[in-house]
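The values are calculated or read from the model by the stated rules, or taken from the named source; none is laboratory data. No experiment lies behind these values; they were computed from the predicted model shown. Note: ideal-geometry Cβ built from the backbone for every residue, glycine included; neighbour counts use all protein chains shown.
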Amino acid sequence: MPIVYHPAEDVRQDVADLIASLSLGYIEPSRVICYRSKGSKSRRIVARCYSLTKIWQDALKIPSYYIIEVISEHYDRLPEEERIKILIHELMHIPKCFGGGLRPHSGCVTRRAVEENYRRYLAQRKGRI
């Protein structure tokens, strides 16, 4: 069975909330597109972040965009806390220049940084209640 992709409005709402809660003003929420895939054979990957690289931006005469894909078979069964951490992780791959590149795991996107951002998110959320 081939992989099937569908827009993921619930993920888009969570991403927009995270961008606002974590003050990630360099990320343009309208240019982060969220998809849910089904049919992946991947065993370990829960989500992916894709970028529209500079060469594509130039060739198509459009600004940078990012796609966050969640793998339904893995992502949907996680508790909410883990889903939020996964989305934080994927957002951390987007560089501050929002130019079409991706930040690497080494030194940038670490478990410790995800946990720190998750604590910030919870504190911000608690302040809104």
Leading residue by the ranking (surrounded by the fewest Cβ atoms within 10 Å (Cβ to Cβ)) among those in the range 43-61 that are touching a helix residue (DSSP H, G or I) at 6+ places or on another chain (Cβ under 9 Å) and within 18 Å of LEU102 (Cβ to Cβ) | ILE45
What strands (runs of 3 or more DSSP E) completely inside the range 1-64 contain at least 3 residues that are in contact with a strand residue (DSSP E or B) (Cβ under 9 Å, 6 or more places away or on another chain) and under 17 Å from GLU82 (Cα atoms)?
-> 47-51
Mind checking which residues of the range 74-122 are aliphatic (A, V, I, L, M), in a helix (DSSP H, G or I) and in contact (Cβ under 8 Å) with a residue 40 or more places away in the chain?
-> ILE84, ILE86, LEU87, ILE88, LEU91
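Can you go through ASP58, ASP76, ASP10, ASP14 and tell me which one is under 12 Å from the mean Cα position of the chain (by Cα), at pLDDT 95 or above and farther than 19 Å from THR110 by Cβ?
ASP14
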Does SER37 fit the bill of being among the small types (Gly, Ala, Ser), more than 29 Å from PRO2 (Cβ to Cβ) and out of contact with any Lys or Arg (no Cβ under 6 Å at 6 or more places or on another chain)?
-> no
Qualifying residue in the range 66-77 (condition: surrounded by fewer than 19 Cβ atoms within 10 Å (Cβ to Cβ) and closer than 26 Å to LYS126 by Cα) | yes
